[in-house]
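Step one of this worksheet: look at the structure below.
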Amino acid sequence: MLALTTTGLLSGSALLYAQAPATRHGDAERGRRVYQVCAGCHSLDEDDVGPRHRGVVGRQAGSVPGYAYSPALRDSHLQWSPENLDRWLQNPQALVPGAKMFFALADATDRADVIAYLEQQR
Amino acid sequence: MILSDSRLTRREALHCLAFGGAGTLFALSGGVLTPVDLARAASLPGQGAELGRPLFVQFSDTHIGFHKDANPDVAGTLAASISLVNALLVRPALVLHTGDITHLSKPEEFDRARALFSHLRATELHTVPGEHDVADATVSEYFHRFGALSGGKGYYSFDHVGVHFVALVNVLQAKDGGAGFLGEEQRAWVQHDLRARAASTPIVVFAHMPLWSIHDAWGWRTLDAEPLMAELRRFGSVSVLNGHIHQIVQKVEGQITFHTARSTAYPQPAPGVGPGPGPLKVPADRLASVLGVSSVTLQRHPRQFALHDVSLA
């Protein structure tokens with residue numbers, strides 16, 4: 001069997017994701033760049049595929065008016081503490097079965113940094 | 001790519017390609033579909049005419065409604081891609097769209113996309129939905145507009161110049177991690193549909209999410225596609241096309257060519273590079289080189305497909 005794979009070119013932006021040492025509170029500046037991966041579905045001030053994010057840290061889950069949440073997240077009674085956000089970003093369906101965000105961040109530093117960034121977006 | 005002198009000079013068209021990443025032309029030659037980069041085809045002595053008869057052009061991930069910094073003008077880059085196809089000296093009759101026509105499945109986004117595509121000089125536009133096209137609460141906007149050929153199901157097959165085309169929907173039963181899923185009913189339908197074809201029939205299968213494994217951790221695969229692949233292996237020439245990945249990724253496995261098209265809207269990182277998939281912001285002067293369409297040509301002698309990727313740059 002002949003198997004041959006080629007991938008498209010890639011820009012130097014890959015360097016942008018070079019591992020930073022894990023910090024306890026996360027690096028918000030680096031988190032701003034990690035947040036680019038959320039931008040396929042989210043923005044700070046507009047509902048997109050997912051709800052708008054400004055002020056999300058500390059907010060009640062499923063509470064942005066006008067956004068059509070899954071019943072599972074809407075009725076989850078979760079609060080978006082940094083700890084809950086970390087669990088959500090690891091695997092949304094493990095935290096909230098039936099949630100409709102199909103995306104995860106595998107790397108703990110990426111999660112800490114993006115949460116630090118969101119914490120600043122009040 | 002074959003360009004008409006009257007509309008765009010080859011240099012202009014090449015320049016235009018260099019700005020965005022326009023596409024791939026698919027040629028069928030000896031029963032084999034070969035993808036050819038449109039920019040490369042355009043640079044051949046016969047401007048690609050020697051590659052055979054253009055069979056179809058593949059558009060993907062137009063994301064009408066997206067307006068973030070990775071590309072604030074997705075309508076503009078789609079219009080540029082359409083002009084590029086209209087400038088082909090020998091235009092294919094067929095255009096395939098492998099999904100994410102819109103960004104948020106809003107009626108006005110579908111209407112905008114339709115208005116843009118109405119400028120395309122082709123006789124048939126065949127589509128499959130992406131997950132961004134079925135994000136409305138009632139999952140009806142896409143099917144209301146594009147479901148006529150499939151009785152509202154979205155998956156269907158048709159024949160064109162002796163080639164059998166199969167359109168599949170793998171975005172309706174979302175799975176953890178975002179992978180595609182066909183479901184039992186559709187799998188049974190496609191098995192039945194293919195069973196009736198002679199092994200010598202060239203086959204083109206297209207869906208939004210990859211029907212092959214590109215990067216499992218990012219959900220860039222279809223969980224239940226293996227029985228379909230097993231069925232396809234008996235055919236002499238098969239092309240399996242998808243979008244979703246927003247960059248060209250190709251694989252040839254025996255008689256099966258897998259091809260992932262560029263987006264006309266924005267690029268994404270290479271599989272596994274960085275924290276996850278998402279719009280990749282590239283310098284404005286590079287954007288055109290990472291956007292585009294694909295075009296396929298049908299060759300007579302030998303009868304095979306040729307695939308061309310054309311960037312807007």
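The values are calculated or read from the model by the stated rules, or taken from the named source; none is laboratory data. None of the values given here were measured: they were computed from a predicted structure. Cβ placement follows ideal geometry from the backbone for every residue including glycine, while neighbour counts extend to all protein chains displayed. The accessibility values were calculated without ligands, DNA or RNA, using every heavy atom of the protein model including side chains. Shrake-Rupley method; radii C 1.70, N 1.55, O 1.52, S 1.80 Å.
One table, with the values for the structure above:
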{"read-out": "Euclidean distance between Cα centres, segment B:143-196 to segment B:75-100, Å", "value": "23 Å"}
{"read-out": "3J(HN,Hα) from dihedral phi, segment B:212-221, Karplus parametrisation 6.51/-1.76/1.60, rounded to Hz, x for glycine, proline", "value": "10, 8, 9, 7, 4, 5, 9, x, 8, 6"}
{"read-out": "Exercise: per-residue mean of other protein chain Cβ atoms within 10 Å, A:39-51", "value": "4"}
{"read-out": "Segment B:72-166: relative contact order as a whole-number percent, Cα under 8 Å and 6+ apart", "value": "26 percent"}
{"read-out": "Karplus-derived 3J(HN,Hα), 6.51/-1.76/1.60, for each residue of segment A:108-118, Hz, glycine and proline x", "value": "5, 5, 4, 5, 4, 5, 5, 5, 4, 5, 5"}
{"read-out": "Residues whose placed amide H lies under 5 Å from that of B:His97, excluding near-sequence neighbours", "value": "B:Phe59, B:His126, B:Thr127, B:Val128"}
{"read-out": "Segment B:158-210: Rg to Rh, with Rh as the Kirkwood radius over Cα pairs", "value": "1.04"}
{"read-out": "Solvent-accessible surface (1.4 angstrom probe) belonging to B:Arg112, in square angstrom, nearest 10", "value": "130 Å²"}
{"read-out": "Hz values of 3J(HN,Hα) by residue in segment B:120-136 - Karplus curve (6.51, -1.76, 1.60), Gly and Pro given as x", "value": "6, 8, 9, 8, 9, 10, 10, 10, 10, x, x, 5, 6, 8, 10, 8, 6"}
{"read-out": "Test item: A:109-115 mean partner chain Cβ contacts at 10 Å", "value": "1"}
{"read-out": "DSSP beta bridge pairing in segment B:176-313, given as percent antiparallel to the nearest 5", "value": "55 percent"}
{"read-out": "Inverse mean reciprocal Cα-Cα distance (Kirkwood Rh) of segment B:169-282, Å", "value": "14.8 Å"}
{"read-out": "Solvent-accessible ranking of B:Glu124, B:Glu184, largest area first, probe 1.4 Å", "value": "B:Glu184, B:Glu124"}
{"read-out": "5 angstrom amide H check on B:Val240, placed H, neighbours 5+ away", "value": "B:Val205, B:Thr257, B:Phe258, B:His259"}
{"read-out": "Equivalent ellipsoid dimensions for segment B:67-220 as semi-axes, Å, which come from the Cα gyration tensor, largest first", "value": "25, 22, 15"}
{"read-out": "Alpha-carbon centroids, segment B:207-286 and segment A:101-122: separation in whole Å", "value": "26 Å"}
{"read-out": "Neighbouring partner chain Cβ atoms per residue of B:262-274, average, 10 Å criterion", "value": "4"}
{"read-out": "Built amide H within the under 5 Å cut-off of B:His246, gap 5+", "value": "B:Ser263"}
